[in-house]
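Worksheet: one structure, shown below.
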Amino acid sequence: MFAIRLGDDAQLRPLEPWQAEEFLAHMDRGREHIGRFIALADVNTDLDSARAFLRAYAEKAASDTGRIYGIWADGTLVGGVLFRTMDVNLGTAEAGCWLEPAGVGRGLVTRAARVIIDWAVGERGIHRVEWLVAAGNEASINVARRLGMTRDGVLRESYPYRGKRHDMEVWSVLAPEWQAARKAD
């Protein structure tokens with residue numbers, strides 16, 4: 001398995017079904033924080049559901065329709081990034097992230113997202129990477145900004161979550177924009 005350094009004490013690695021126990025422990029530690037804006041914590045509540053979730057992403061990776069990666073800091077899984085969807089034929093992908101409190105404020109998600117977007121654009125020929133985020137999720141919106149994404153608009157009350165409909169902001173970056181920004185770095 002590969003590991004990409006995200007800093008002196010952090011790594012990005014694929015998350016796989018055999019890591020379901022570690023993934024569930026991570027969800028348990030961060031459940032309240034992670035669940036404020038996304039359903040990830042609500043759908044991974046026991047070992048079977050965590051294993052099934054990671055298995056679904058293994059199948060997405062095998063069919064080239066999605067990917068999931070964990071972020072480890074000081075040897076502990078603290079978050080992750082993913083391509084929730086990926087359509088190589090259309091050249092589109094939707095990226096996302098999550099983080100437990102132990103990983104907050106260290107720039108881990110931004111660095112990890114750069115790695116996977118570099119791969120998607122450079123290796124898989126993805127032309128448009130989208131970032132959908134609940135309008136109240138300032139931390140995730142700030143990641144989109146740091147990634148150089150453009151706010152395309154708001155999908156009003158499009159996301160039903162925990163009994164309430166939430167506005168979703170759509171952010172994106174196009175391959176030529178991404179490549180130009182990376183050359184300027």
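The values are calculated or read from the model by the stated rules, or taken from the named source; none is laboratory data. Note that the coordinates shown come from a computational prediction; the quantities given were computed from them, not determined experimentally. Heads up, the Cβs are rebuilt from the backbone with ideal geometry, glycines too, and the neighbour counts pull from every protein chain shown. Only protein heavy atoms, including side chains, enter the accessible area calculation; ligands, DNA and RNA are left aside. Shrake-Rupley method; radii C 1.70, N 1.55, O 1.52, S 1.80 Å.
It is to be established whether one or more residues within the range 149-156 are open to solvent by 20 Å² or more (accessible area, probe 1.4 Å) and in contact (Cβ under 8 Å) with a residue 60 or more places away in the chain.
No, the range 149-156 has no match at all.
Output yes when any residue across the range 32-46 is out of contact with any Ser or Thr (no Cβ under 9 Å at 6 or more places or on another chain) and over 24 Å from residue 134 (Cα atoms), and no when none is.
yes
Taking the criterion of being outside any strand (DSSP E or B), under 14 Å from residue 12 (Cα atoms), modelled with pLDDT of 95 or more and not hydrophobic (A, V, I, L, M, F, W, C), would at least one residue in the range 94-109 satisfy it?
Checked the range 94-109: no residue is outside any strand (DSSP E or B), under 14 Å from residue 12 (Cα atoms), modelled with pLDDT of 95 or more and not hydrophobic (A, V, I, L, M, F, W, C).
Go through the range 68-91 and give me each residue that's open to solvent by 40 Å² or more (accessible area, probe 1.4 Å) and within 21 Å of residue 39 (Cα to Cα).
Selection gives 84, 85.
Which numbered condition in (1) surrounded by fewer than 22 Cβ atoms within 10 Å (Cβ to Cβ); (2) at pLDDT 95 or above; (3) over 14 Å from the mean Cα position of the chain (by Cα) is the only one that residue 181 fails?
All conditions are met except number (2).
Among 36, 5, 55, which is the only one that is at pLDDT below 95, open to solvent by 60 Å² or more (accessible area, probe 1.4 Å), outside any strand (DSSP E or B) and at negative phi?
36
Hey, does the range 111-134 have a residue that's open to solvent by 10 Å² or more (accessible area, probe 1.4 Å), under 20 Å from residue 41 (Cα atoms) and assigned to a loop (DSSP other than H, G, I, E, B)?
no
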